[in-house]
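Asker: This is the structure, below, for whatever I ask next.
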Amino acid sequence: MSETPEGLEEIDALVFPGQGTFDQCMAALNQTGLASAIQEWVSSGKPFLGVCLGLQVLFEKSEEGELPGLALFPGYVQKFSLERKLKIPHMGWNTVRFAQPESALIANLENEGEAFYFVHSYHVVPDDPDVIAAHFEYGLTGCAAIARGNLF
């Protein structure tokens with residue numbers, strides 16, 4: 001775990017989990033210098049995995065806040081707005097459909113029907129559909145995972 005950009009120098013791969021709100025997270029990243037450090041990390045070609053809010057901040061903006069994201073992917077984070085009466089947050093086990101079966105992210109998983117646990121009220125909407133590695137279904141077809149080069 002690192003709370004400063006200097007701590008990233010000692011690791012080979014970066015996992016960015018998330019908890020909290022988009023603006024709260026981006027404010028902390030900006031204040032600590034980790035926002036630019038993460039952008040430099042990704043540009044260096046080292047592996048990066050963003051989970052939950054760690055995925056959301058990779059995009060340009062979020063309906064959850066006002067601060068800009070890291071903008072490593074064009075697109076935004078959208079609050080669930082469902083026509084059917086489904087519980088929000090989307091919480092529980094759900095299967096995903098893989099869009100990039102050759103991706104290192106999903107190399108050792110089954111091609112269809114793999115189940116993952118979801119807890120979210122927001123989902124990412126990439127501008128480029130080619131970065132989508134997996135889809136979920138919950139009143140809509142949403143992006144469950146992204147993959148591009150070293151960035152997951």
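The values are calculated or read from the model by the stated rules, or taken from the named source; none is laboratory data. Just so we're clear, the structure is a prediction, and the values are computed from it rather than from any experiment. Note that each Cβ is placed from the backbone with ideal geometry, even for glycine, and that neighbours are counted across all protein chains shown. For accessibility, only protein heavy atoms count, side chains too; no ligands or nucleic acids. Shrake-Rupley method; radii C 1.70, N 1.55, O 1.52, S 1.80 Å.
Asker: Provide the three semi-axes, in whole Å and in decreasing order, of the ellipsoid equivalent to the chain as defined by the square roots of 5 times the Cα gyration tensor eigenvalues.
Answerer: Working: eigenvalues 126, 75, 33 Å².
Taking √(5λ) for each eigenvalue gives 25, 19, 13 Å, largest first.
Asker: Follow-up. Apply the a/c threshold of 1.5 to the C-alpha gyration tensor of the stretch 55-103 and tell me whether it is rounded, prolate or oblate. Intermediate results must be reported in sequence, preceding the final value.
Answerer: On the way: a/c = 2.58, a/b = 1.14, b/c = 2.27.
Oblate is the answer for the stretch 55-103, as a/c is 1.5 or above yet b/c matches or exceeds a/b.
Asker: What aspartates and glutamates could a cross-link reach from LYS61, if we take a straight Cα to Cα line under 17 Å and drop same-chain neighbours fewer than 8 places away?
Answerer: Candidates past the 8-residue exclusion: ASP23, ASP127, ASP128.
Asker: At 1.4 Å probe size, with the rest of the protein present, what percent of the exposed accessible area of the chain is carbon and sulfur atoms? Walk me through the intermediate numbers first.
Answerer: Values: 4440 of 8640 Å².
With neighbouring chains kept in place, the figure for the chain is 51 percent.
Asker: Counting Lys and Arg as +1 and Asp and Glu as -1, each charge on the Cβ, what is the dipole of the chain about the Cα centre in debye, to the nearest 20?
Answerer: Numbers: 8 positive and 20 negative charges, 110 e Å.
The dipole magnitude comes to about 540 debye.
Asker: Here's a follow-up. Subtracting the Cα-Cα distance from 0.36 nm times the residue separation, let me have the gained length for ASP23 to ALA115 in nm, one decimal. Display every interim value, and only then the final one.
Answerer: Numbers: separation 92, 0.36 × 92 = 33.12 nm, distance 2.96 nm.
Fully extending the segment from ASP23 to ALA115 adds 30.2 nm.
Asker: Through the Karplus equation 6.51 cos²θ - 1.76 cosθ + 1.60, θ set to phi - 60°, convert the phi angles of the stretch 126-138 into ³J(HN,Hα) values in whole Hz; use x for Gly and Pro.
Answerer: Ordered by residue, 3J(HN,Hα) equals x, 5, 9, x, 6, 8, 6, 9, 7, 10, 10, 10, 7 Hz.
Asker: Could you state the accessible area per residue of the chain in Å², with a 1.4 Å probe and every protein chain left in place?
Answerer: Averaged over the residues of the chain, the accessible area is 57 Å².
Asker: Restricting things to Cα coordinates, could you compute the convex hull volume per residue of the stretch 12-95 in Å³? Intermediate values should be presented prior to the final figure.
Answerer: Working: hull volume 10.2 nm³, N = 84.
Looking at the stretch 12-95, the number lands at 122 Å³ per residue.
Asker: Hey, another quick one. Residues with beta-carbon under 15 Å from that of GLY75, excluding GLY75: net charge, scoring Lys, Arg +1 and Asp, Glu -1? Walk me through the numbers before you get to the answer.
Answerer: On the way: positive: LYS61, LYS79, ARG148; negative: GLU60, GLU63, GLU64, ASP127, ASP128, ASP130.
Every neighbour counted, the sum reads -3.
Asker: List the residues of the stretch 37-52 whose backbone N lies under 15 Å from a point placed 7 Å from the Cα of VAL15 along the Cα-to-Cβ direction.
Answerer: 47-52
Asker: Got a number for the accessible area of LYS61? Probe 1.4 Å, square angstrom, nearest 10.
Answerer: So the heavy atoms of LYS61 present about 120 Å² to solvent.
Asker: Turning to a different aspect of this structure: For the chain, what is the calculated [θ] at 222 nm in deg cm²/dmol (nearest 500), taking -39500 (n - 2.57) for each run of four or more DSSP H residues and dividing by its residue count? The partial results should precede the final answer.
Answerer: On the way: 3 runs with 26 residues, N = 152.
Counting only the DSSP helices, I get -5000 deg cm²/dmol.
Asker: Shifting gears a bit: With a cut-off of 8 Å between alpha carbons and a minimum separation of six or more residues, what is the relative contact order of the chain in percent?
Answerer: Numbers: 285 pairs, mean separation 31.5, N = 152.
Normalised by residue count, the contact order of the chain is 21 percent.
Asker: Report the extension gain between ASP128 and LYS85 in nm, rounded to one decimal, defined as 0.36 nm multiplied by the number of residues separating them, less their alpha carbon distance. Let's see the in-between values first.
Answerer: Numbers: separation 43, 0.36 × 43 = 15.48 nm, distance 2.89 nm.
Contour length minus Cα-Cα distance gives 12.6 nm.
Asker: Which of the lysines could a cross-linker bridge to LYS87, judged by Cα under 20 Å and excluding same-chain residues fewer than eight apart?
Answerer: Straight-line reach from LYS87, under 20 Å: LYS79.
Asker: Report Rg(Cα)/(2.2 N^0.38 Å) for the stretch 1-45, keeping two decimals. Can you show the working numbers first?
Answerer: Numbers: Rg = 10.5 Å, N = 45, 2.2 N^0.38 = 9.3 Å.
Rounded to two decimals, the normalised Rg is 1.12.
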